[in-house]
1. For segment 93-132, give me the residue count where each residue is farther than 13 Å from F59 by Cα and in contact with a Cys (Cβ under 6 Å, 6 or more places away or on another chain).
2. Determine whether segment 140-149 contains at least one residue that is among the small types (G, A, S) and touching a Gly at 6+ places or on another chain (Cβ under 9 Å).
3. For segment 99-141, which residues satisfy the criterion of being of a type in the set (S, T, Y) and closer than 18 Å to R169 by Cα?
4. Does any residue in segment 131-143 that is at pLDDT below 95 come within less than 8 Å, Cβ to Cβ, of a residue that is among the aromatic types (F, W, Y) six or more places away or on a different chain, and which pairs are these?
5. Let me confirm something: among G159, G171, G200, G213, which residue is at pLDDT 70 or above and either surrounded by fewer than 20 Cβ atoms within 10 Å (Cβ to Cβ) or assigned to a helix (DSSP H, G or I) (or both)?
6. Considering only residues that are assigned to a helix (DSSP H, G or I) and of a type in the set (S, T, Y), look in segment 130-151 and name the one that is surrounded by the fewest Cβ atoms within 10 Å (Cβ to Cβ).
7. Which of (1) in a helix (DSSP H, G or I); (2) over 22 Å from A164 (Cα atoms) does G107 not meet, given it meets every other one?
Amino acid sequence: MELHEALGNIDVIRRHMARTEKFHGYRALPTALGAAAAVGGAVVQAVWLSGAGVSLAAFLALWVPLAAVAGGFAAGDAWQRRRRDSSLTGALVRLACEQFVPCVVVGAALTATIGRFAPEIGWTLPGLWSIVFSLGLFASLRLLPAAILAAAAWYLVAGCVCLALGPERAGFSPWTMVATFGVGQTIVAAVLASQPNDDGSSVASLSAQGEVGDDA
């Protein structure tokens, strides 16, 4: 019983230490590719779809797979770094998921609900996606560089502006996605690219945690 309690206390300590670390699983390049995907998707929509007359189904058929590919690439890159980089502890990765994944789930639920039951307000989805994504960034501020606050604020303001402009001036316009996710991901990529590599401190922290676990 004492051993079980000791192991439980070690896990709590490690999770607490993870909250004081910075998550280095996100890189600038995959994030920049997400921004490029937003611009590319906007070009495809402008060329192949009918602009203001695009249907919700066609809009989702383009942007949902594109978002899944871009998000999957970034997540896969973070996971590969987790396997190669000892500074990315399991507790830190789990904490990053706990803070950001809820916004992805909420965005998917909003999309499914509006697409199925309220397609007449489907034009609000780009703005709602931007606002929900901003919440994920705000929730992750403890793990990410402080300058990420600028990107979170951009997503929030851009999403609200999209809703305020209405279906005619924003809505399904391809440039709405450029103004939200294209610009937003560019800001995030710039912030990540400007950060110094402080993996050494994380490795030292991990080593200290490992020594505590070995002593137990």
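1. Within segment 93-132, residues that are farther than 13 Å from F59 by Cα and in contact with a Cys (Cβ under 6 Å, 6 or more places away or on another chain) number 2.
2. Step one: list which residues in segment 140-149 are among the small types (G, A, S), which gives 140, 146-147.
Filter once more, keeping what is touching a Gly at 6+ places or on another chain (Cβ under 9 Å): none.
Within segment 140-149, not a single residue is among the small types (G, A, S) and touching a Gly at 6+ places or on another chain (Cβ under 9 Å).
3. If we filter segment 99-141 for residues that are of a type in the set (S, T, Y), which is where we start, we get 111, 113, 124, 130, 134, 140.
Matches in segment 99-141: T124, S130.
4. Listed by first residue and then by second, the contacts come to A139/F100; S140/F23; S140/F100; L143/F23.
5. Working: G171 fails: either surrounded by fewer than 20 Cβ atoms within 10 Å (Cβ to Cβ) or assigned to a helix (DSSP H, G or I) (or both); G200 fails: at pLDDT 70 or above; G213 fails: at pLDDT 70 or above.
Of the residues listed, the single one that is at pLDDT 70 or above and either surrounded by fewer than 20 Cβ atoms within 10 Å (Cβ to Cβ) or assigned to a helix (DSSP H, G or I) (or both) is G159.
6. Here is the first cut: in segment 130-151, the ones assigned to a helix (DSSP H, G or I) are 130-139, 148-151.
Narrowing the set further to residues that are of a type in the set (S, T, Y) leaves 130, 134.
Numbers: S130: 26, S134: 23.
Among them, the one singled out is S134.
7. Every listed condition holds for G107 apart from (2).
Condition check ((1) modelled with pLDDT of 95 or more; (2) in contact with a Phe, Trp or Tyr (Cβ under 8 Å, 6 or more places away or on another chain); (3) of a type in the set (A, V, I, L, M, F, W, C); (4) surrounded by fewer than 20 Cβ atoms within 10 Å (Cβ to Cβ)) across all residues:
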| site | (1), (2), (3), (4) |
| --- | --- |
| D85 | no, no, no, yes |
| A108 | yes, no, yes, yes |
| A118 | yes, no, yes, yes |
| G127 | yes, no, no, no |
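The values are calculated or read from the model by the stated rules, or taken from the named source; none is laboratory data. Remember, predicted model here, so these are calculated numbers, not experimental data. Glycine gets a Cβ as well: all are built from the backbone with ideal geometry, and neighbour counts include every protein chain shown.
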